[in-house]
Amino acid sequence: MFTVLFDQGSDGRMYGVWLLSGLGWTLSLAFFGWWLAFAIGLVVGIGRTVENRTIAILSRVYVEVFRNIPVLVQMFLWYFVVPELLPASLGTWIKQMPPPWGAFFPALVCLSFYTAARVAEQVRAGLEALPAGQREAAAALGLTERRTYWLVLVPQALRLIVPSLTSEVMGIYKNTSVALTIGLLELTAEARQISEETFQTFAAFGAATIIYLMLALAAYQLMSWIDERARIPGTAPPARRKSLRLLARRLPEGASP
Amino acid sequence: MNMHLPTPRLAGPAQAEPAIVLEGVTKFYGGFRALNHVDLEVARGETVIICGPSGSGKSTLIRCLNRIETHDRGRIVVNGHELTDALKDIAAVRREVGMVFQSFNLFPHLTILENCMLAPVQARGISRREARETAMHFLSKVRIPDQAGKYPGQLSGGQQQRVAIARALCMRPQVMLFDEPTSALDPEMVKEVLDTMVGLAGEGMTMVCVTHEMGFAREVADRVVFMDKGAVVEQDTPERFFSAPASERAREFLRQVIH
Ligand SMILES: Nc1ncnc2c1ncn2[C@@H]1O[C@H](COP(=O)(O)OP(=O)(O)OP(=O)(O)O)[C@@H](O)[C@H]1O
Ligand SMILES: [Mg+2]
């Protein structure tokens, strides 16, 4: 059924190569988007829990704005609207970027800003789940707020939220398909082009689906492994099954969910 | 000496000056008065035991001493630093005041040794080598040097609390605060922690300790402070407090803790 993948497409390359090229864009977008999202989300998530009111409010605004606008709308905003709002020269420069990049960068910004808002909420939840005594003990030892976060709170919070960060990794990976709406030839877009050229809709999207699933599984395994590795010795008794282990909530003693 | 003069930070604590001074300290949680005009002085080298019924404000008081809680009225001077909103570097004051909590509050993601080295290196700027030596010194003193490489979750409660004491001592504090350090422990582990504290008091550490361990109070206290409803009701030497408490509320309290 997938023999169509070995047929030659209109540009002389095999359809399978089309899919792989789409996969390349999907993965680049997901990979770079994720690390940007993680970095921004970490900062914003911390920002939501600090004493400084201004920082806390700004972080809150960030989260509410980027989390509550549909990804598709955000994609259009970054692609069509933002270049118009920028100074003319910069806007023109953006609009004249050569084909894949002209869509790739807006998509990257869109997905990472959106995912960052979600990561920020996870980071905040992780920080708030830590017992108040951790912050107090660090303060009592004379650590500044900044060092308290960096050395005591964040390392623990991140360990707690590995399972929910896994969902966010999956999320950005799946949301890359929205980039087809602004013309990025990622995996879904390539599948659609194959189906349009060959009318083999089932084969084209079937192959794309399998690729999505396999990679999701790989990402899930990777995160389970990270979760395993990051576990603090002497905390949770290992759950019996591996899948349960990832889902098991491992809060330090005295933590409230 | 006139205690109403704000002590300049740079002057450093003179030996004759009390380690801790509280004058008319009042604290509210919303409309609830948790501390009601508390006056208290702790001399250098003194061991003061604070006791009183649940909810009497003991934890609130001790947490105000390193400004983990802020007081609303009155003055608190610790080690020559007045604790006010204007105080720029509260972290610097806290470095001179060690605190031990009921729930240990060790950092679970760090080994015992790392727990003891973290603040000396990160807050005091001491070299890792020196911090390690200091940490091992105090871990030996609380008699668990062999656990240095383990994580807190791998230790018993009594061991964890002794690490918490060692961790605080690694900052070389002038004053140690204890808030019910043995209340979360199984009975068989209480003694090992109390023994550590007895040793500390014997070395002349200034200590303020909230505890219901009246035998321990009798043994180490220079003074027992009895609190009720956010106020200091009476304070006396342990001999007099335990044999002839002045107030009816203290007599009632003692009847309950020393059945
Ligand atoms: N964060 C808070 N918010 C509101 N009320 C509080 C808070 N912390 C303490 N209180 C109240 O202040 C009073 C004094 O509390 P505190 O913890 O100081 O008592 P305590 O003497 O240490 O009691 P215990 O022996 O039970 O530890 C209590 O009535 C308590 O309910
Ligand atoms: Mg208490």
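The values are calculated or read from the model by the stated rules, or taken from the named source; none is laboratory data. Just so you know, these numbers come straight off a predicted model, no measurement behind them. Virtual Cβ from ideal backbone geometry, glycine too; neighbours counted across all protein chains shown.
Being in contact (Cβ under 8 Å) with a residue 12 or more places away in the chain, within 16 Å of ligand 1 (Cβ to nearest atom) and away from chain A (no Cβ under 14 Å): is that true of residue B:214 here?
yes
Checking residue B:128 against (1) more than 24 Å from residue B:185 (Cβ to Cβ); (2) within 21 Å of the chain's Cα centre (by Cα), which test does it fail?
Answer for residue B:128: the failing condition is (2).
Of all residues in segment A:44-59, count the ones that are surrounded by fewer than 16 Cβ atoms within 10 Å (Cβ to Cβ) and not in a loop (DSSP other than H, G, I, E, B).
5
Please count how many residues of segment B:80-122 are surrounded by fewer than 20 Cβ atoms within 10 Å (Cβ to Cβ), farther than 29 Å from residue A:157 by Cα and in contact with a Pro (Cβ under 8 Å, 6 or more places away or on another chain).
1
Cβ contacts < 7 Å: first residue within 12 Å of chain A (Cβ to nearest Cβ) and in contact (Cβ under 8 Å) with a residue 12 or more places away in the chain, restricted to segment B:74-101; second residue among the aromatic types (Phe, Trp, Tyr) and buried (at least 16 other Cβ atoms within 10 Å of the Cβ), any location; separation 6+ or different chain. Result?
B:100/B:178
Kindly evaluate residue B:179 against the criterion of being surrounded by 15 or more Cβ atoms within 10 Å (Cβ to Cβ), within 16 Å of ligand 1 (Cβ to nearest atom), of a type in the set (D, E, K, R) and modelled with pLDDT of 95 or more.
Here the answer is yes, as residue B:179 does meet what is asked.
Take the residues in segment A:139-197 that are among the basic types (Lys, Arg) and either in contact with a strand residue (DSSP E or B) (Cβ under 8 Å, 6 or more places away or on another chain) or more than 14 Å from every other protein chain (Cβ to nearest Cβ) (or both), then tell me which one is surrounded by the fewest Cβ atoms within 10 Å (Cβ to Cβ).
A:174
When you look at residue A:135, is it under 18 Å from the mean Cα position of the chain (by Cα) and assigned to a helix (DSSP H, G or I), yes or no?
It is false that residue A:135 is under 18 Å from the mean Cα position of the chain (by Cα) and assigned to a helix (DSSP H, G or I).
For segment B:202-230, what are the residues that are surrounded by fewer than 18 Cβ atoms within 10 Å (Cβ to Cβ) and outside any loop (DSSP other than H, G, I, E, B)?
Answer for segment B:202-230, where residues must be surrounded by fewer than 18 Cβ atoms within 10 Å (Cβ to Cβ) and outside any loop (DSSP other than H, G, I, E, B): B:202, B:215, B:218, B:219.
Mind counting the residues in segment A:3-31 that are in contact with a helix residue (DSSP H, G or I) (Cβ under 6 Å, 6 or more places away or on another chain) and closer than 30 Å to residue A:124 by Cα?
The qualifying residues number 3.
Can you pull out every residue in segment B:182-201 that is surrounded by 18 or more Cβ atoms within 10 Å (Cβ to Cβ), more than 16 Å from ligand 2 (Cβ to nearest atom) and aliphatic (A, V, I, L, M)?
If the condition is that a residue be surrounded by 18 or more Cβ atoms within 10 Å (Cβ to Cβ), more than 16 Å from ligand 2 (Cβ to nearest atom) and aliphatic (A, V, I, L, M), then B:189, B:190, B:193, B:194, B:197, B:200, B:201 are the ones that fit.
So which residues in segment B:123-153 are assigned to a helix (DSSP H, G or I), at the interface with chain A (Cβ under 10 Å from one of its Cβ atoms) and buried (at least 17 other Cβ atoms within 10 Å of the Cβ)?
The answer is B:152, and nothing else.
Are any residues in segment B:42-73 within 13 Å of chain A (Cβ to nearest Cβ), away from ligand 2 (no atom under 16 Å from the Cβ) and surrounded by 20 or more Cβ atoms within 10 Å (Cβ to Cβ), and if so, which ones?
Passing the criteria: only B:67.
Going by what's in this entry, would residue B:80 be described as within 21 Å of residue B:183 (Cα to Cα) and more than 16 Å from ligand 1 (Cβ to nearest atom)?
The answer is no for residue B:80.
Name the helices (runs of 4 or more DSSP H) wholly within segment A:64-125 that hold at least 1 residues that are within 21 Å of residue A:173 (Cα to Cα) and in contact with a helix residue (DSSP H, G or I) (Cβ under 8 Å, 6 or more places away or on another chain)?
Ranges flagged: A:71-76.
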